[in-house]
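Here's the structure, in structure tokens; my notes come after.
What follows draws every value from the coordinates through simple rules; no lab data is involved. Remember, it's a predicted structure, so these values are computed and weren't measured experimentally. Quick reminder, even Gly has a Cβ in these numbers, built from the backbone with ideal geometry, and neighbours come from all protein chains shown.
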Amino acid sequence: MIVLKFGGTSMGSAKRMEEVSMLLKRDGPCVVVLSAMAGVTDKLVETGVYFKKGDREAGMNNLQWIRNRFEDTCLELFRLKPSRDTIMLFLEKAFDDIACRVSGEISQETVNWLVVQGEMITSRIFADYLQECGSPSVLLDATGFMRLDEAGEPDLPAIERLLTPMLRLGGDLIYVTQGFVCMNHRGETDNLKRGGSDYSATLIGSAIRAEMIEIWTDIDGMQNNDPREVENTFSIRRLSFDEAAELAYFGAKILHPACVWPAQQFNIPIWLRNTMDPGNPGTMIRSGGERQQITAIAAKDHITAIRIRSGRMLNTYGFLVMVFKVFEDFQTPIDMITTSEVSVSLTIDNDNHLEGIVEALEKYGIVEVDKDQSIICVVGDFLVDRFGCAARILHSLHNIPIRMISYGGSQNNISFLISSADKKRTLNELNTGLFRMTKLPEYAHS
Ligand code: ADP
Ligand code: ASP
Ligand code: MG
């Protein structure tokens with residue numbers, strides 16, 4: 001079986017949904033994982049904020065905007081009166097339910113439930129539309145199988161156990177389900193964080209040992225650089241799982257930061273494809289294969305850098321353990337780390353507990369904090385740096401103030417920390433320096 005995931009833009013209008021239905025005309029059963037129509041989740045997140053702070057009018061206006069969007073789409077999409085009437089009735093009930101859920105005090109549980117309603121509604125519309133087109137489809141509610149464990153991580157054995165029997169209906173069925181949506185260990189509806197539909201697709205793919213996971217989006221696969229910041233990017237045709245995981249984790253928005261590991265675990269290829277140009281080869285992510293010297297660049301924003309300076313670090317052991325323990329206590333992962341004899345610098349992307357972390361670290365030395373930083377990650381094959389890649393990278397950045405450099409932790413990643421204000425310039429300098437200028441005379445190897 002294959003798993004196909006379609007993102008928000010691919011579901012973004014009646015015309016796009018029609019195009020996606022054509023892409024599903026193939027042999028054999030498949031699982032289709034859908035995001036909410038583009039823009040809807042942003043609006044729902046904003047709506048949750050309005051209701052939480054008591055601005056009911058703004059919240060209800062947002063809900064009306066979302067409702068109009070779905071209704072207009074359905075009026076254009078459904079051609080047959082019975083199916084159109086059914087879906088309009090469904091929308092009426094869905095929005096009555098939402099209004100009912102947000103009418104009283106708003107808990108975090110309600111907010112979590114609210115933000116996934118875009119997926120719940122989009123998937124129902126699309127499944128009904130497939131039926132109207134004569135393509136047999138079944139709608140699966142993701143809360144019935146997509147489970148989080150107590151640590152808030154996907155519980156793959158439970159997902160496998162719950163999902164497998166649901167897919168035994170036989171025939172060339174299209175199983176439609178929601179991306180992003182899950183149920184947490186308390187039995188509440190929850191989500192896999194923004195962009196989480198990619199993660200749903202790879203979790204489902206690995207739970208059912210799919211032959212392939214196709215992620216359909218609005219671009220010709222993984223680009224060598226962030227297309228939102230750099231104009232002249234190009235598609236990368238092949239990536240290893242490790243390279244794709246690094247790029248996703250370090251900000252290549254085309255993939256959810258954590259979505260590669262489930263596929264990698266069972267060696268299931270991930271194929272990134274463009275809904276707007278289905279003939280384009282996109283990017284194939286699979287194990288092994290030829291490595292490029294430098295494959296791609298990604299950037300991760302909202303990074304906070306913390307430096308701890310302490311004379312106690314000099315010639316002692318155990319200092320780093322104490323520092324790491326603070327981050328463990330506050331359940332805050334560290335992204336980058338560099339050390340000198342008397343100081344250690346590290347970065348975090350979740351500053352929810354920053355105050356507590358700083359207070360705890362101050363027991364060990366002088367603490368300095370820099371916010372609004374970005375990690376720039378260059379991915380490639382840096383095994384013993386045969387080709388002087390590090391020198392080429394640094395040469396490209398001779399005009400940019402670099403706050404930290406991390407090299408050697410992984411053989412396919414060199415990352416450095418800069419101020420976010422310099423991000424665009426940095427990505428563009430690297431694009432020219434690394435991808436347009438193949439040999440710098442002063443660093444060329446013989
Ligand atoms: P979807 O809604 O289909 O999940 P996303 O907006 O989440 O789509 O991801 C696709 C977008 O990711 C692209 O339109 C592009 O702007 C952005 N992007 C950022 N970095 C990259 C990259 N390295 N390669 C491709 N796309 C990228
Ligand atoms: N709709 C969700 C979001 O916008 C999930 C996704 O699109 O992957 O974050
Ligand atoms: Mg996405």
> Using a Gaussian network for the chain with springs between C-alpha atoms less than 10 Å apart, which of these wobbles most: E214, E71, E359?
Replying inline: E359
> Which ³J(HN,Hα) values in Hz, rounded to whole numbers, follow from the phi angles of the stretch 320-325 under the Karplus curve 6.51 cos²θ - 1.76 cosθ + 1.60, where θ = phi - 60° and Gly and Pro get x?
Replying inline: 5, 4, 5, 5, 4, 4
> What is the stretch 41-112's relative contact order, in percent, from Cα pairs under 8 angstrom and six or more apart in sequence?
Replying inline: 32 percent
> Just R286, R403, R26 to compare: in a GNM of the chain, with alpha carbon springs under 10 Å, which one fluctuates most?
Replying inline: R26
>> Below 8 Å between Cα atoms, with a sequence gap of 6+, how large is the relative contact order for the chain in percent?
In response: 13 percent
> Over the stretch 1-85, what is the relative contact order in whole percent, taking alpha-carbon pairs under 8 Å and six or more residues apart?
Replying inline: 30 percent
> What percent antiparallel are the DSSP beta bridges of the chain, to the nearest 5?
Replying inline: 60 percent
> Hey, any idea what Rg/Rh is for the chain, computing Rh the Kirkwood way over Cα pairs?
Replying inline: 1.00
>> Based only on other Cβ atoms within 10 Å, what is the fewest-to-most ordering of T316, T86?
In response: T316, T86
>> Once you order the gyration tensor axes a ≥ b ≥ c over the Cα atoms, which shape class does the stretch 240-279 get: rounded for a/c under 1.5, otherwise prolate or oblate by comparing a/b with b/c?
In response: oblate
> How big is the convex hull of the Cα atoms of the stretch 105-218, per residue, in Å³?
Replying inline: 118 Å³
> What does the charge add up to near G356, with Lys and Arg as +1, Asp and Glu as -1, over the other residues with Cβ less than 14 Å from its Cβ?
Replying inline: -4
> Which shape class applies to the stretch 22-142: rounded if a/c is under 1.5, otherwise prolate when a/b exceeds b/c and oblate if not, where a ≥ b ≥ c are the square roots of the Cα gyration tensor eigenvalues?
Replying inline: prolate
> Along the stretch 207-213, what does the Karplus equation 6.51 cos²θ - 1.76 cosθ + 1.60 (θ = phi - 60°) give for ³J(HN,Hα), rounded to whole Hz, x for Gly and Pro?
Replying inline: 4, 9, 6, 4, 6, 7, 10
> What number, rounded to the nearest 500 deg cm²/dmol, is the helix-based mean residue ellipticity at 222 nm of the chain, given -39500 (n - 2.57) per DSSP H run of at least four residues and division by all its residues?
Replying inline: -11000 deg cm²/dmol
> In terms of modelled amide H atoms, which long-range or inter-chain residues lie less than 5 Å from the amide H of H256?
Replying inline: D198, Y199
> Amide H neighbours of I215 under 5 Å, counting only residues 5+ apart in sequence or on other chains, H built in-plane at 1.01 Å?
Replying inline: K5, W271, L272, R273
> What ranking do 299-311, 114-126 get when scored by the average of other Cβ atoms within 10 Å per residue, highest first?
Replying inline: 114-126, 299-311
>> Within 9 Å, Cβ to Cβ, of T275, how many net charges do the neighbouring residues add up to if Lys/Arg are +1 and Asp/Glu are -1?
In response: -1
> In square nanometres, what is one fourth of the surface area of the convex hull spanned by the alpha carbons of the stretch 204-275?
Replying inline: 4.6 nm²
> Which order, highest average first, do 325-334, 4-13 follow once you tally other Cβ atoms within 10 Å for each residue and take the mean per peptide?
Replying inline: 4-13, 325-334
> Highest mean first, what order results for 59-67, 222-230 on Cβ atoms within 10 Å?
Replying inline: 222-230, 59-67
> Which ³J(HN,Hα) values in Hz, rounded to whole numbers, follow from the phi angles of the stretch 191-198 under the Karplus curve 6.51 cos²θ - 1.76 cosθ + 1.60, where θ = phi - 60° and Gly and Pro get x?
Replying inline: 9, 8, 6, 4, x, x, 5, 4
> What residues have an amide H closer than 5 Å to that of L139, excluding those fewer than 5 places away on the same chain, when H is modeled at 1.01 Å from N in the peptide plane?
Replying inline: V176
